[in-house]
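Data first, discussion second: the structure below is written as structure tokens.
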Amino acid sequence: MSASIKEAVDAALEKTGPILEAAKAAGKQFAAGFVPELYVQDSNRQFDCAILLERCLDDYRRKYGSARISSCKLYIKPEDNTVYYVINDIEDKLPL
């Protein structure tokens, strides 16, 4: 991972990590089948995390051809207008 991407990922994780951990902990309290809606807001923009996840998965499958996903992490960085992803240890990015 290049230094600038690593810095972007680290900064995004620093900002969103506590929020995602709280959401993950709260998710354990929900009934089976319940799917929370997660959004990231920045200034006057809003991003649906489920849509970003689907876009990243589609991009990964189109580029790398693997249907099996064993790990997936998203790093949303609105100030760069970018979502970084790491799927099956392959790093890539998409514009928001």
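Of the residues making up region 58-96, those that are closer than 19 Å to D42 by Cβ and acidic (D, E) are E79, D80. Residue count for region 70-81 satisfying the condition of being out of contact with any helix residue (DSSP H, G or I) (no Cβ under 7 Å at 6 or more places or on another chain) and over 10 Å from C56 (Cβ atoms): 5. For region 77-85, does any single residue satisfy the condition of being at pLDDT below 95, on the phi < 0 side of the Ramachandran plot and among the hydrophobic types (A, V, I, L, M, F, W, C)? No.
On the basis of being modelled with pLDDT under 65, open to solvent by less than 50 Å² (accessible area, probe 1.4 Å) and in contact with a helix residue (DSSP H, G or I) (Cβ under 9 Å, 6 or more places away or on another chain), does A12 make the cut? Yes.
The values are calculated or read from the model by the stated rules, or taken from the named source; none is laboratory data. In this text the structure is predicted, and so the values were computed from the model without any measurement. Note that we place each Cβ from the backbone using ideal geometry, even for glycine, and neighbour counts take in every protein chain shown. In case anyone asks, the SASA skips ligands and DNA or RNA and just uses the protein heavy atoms, side chains included. Shrake-Rupley method; radii C 1.70, N 1.55, O 1.52, S 1.80 Å.
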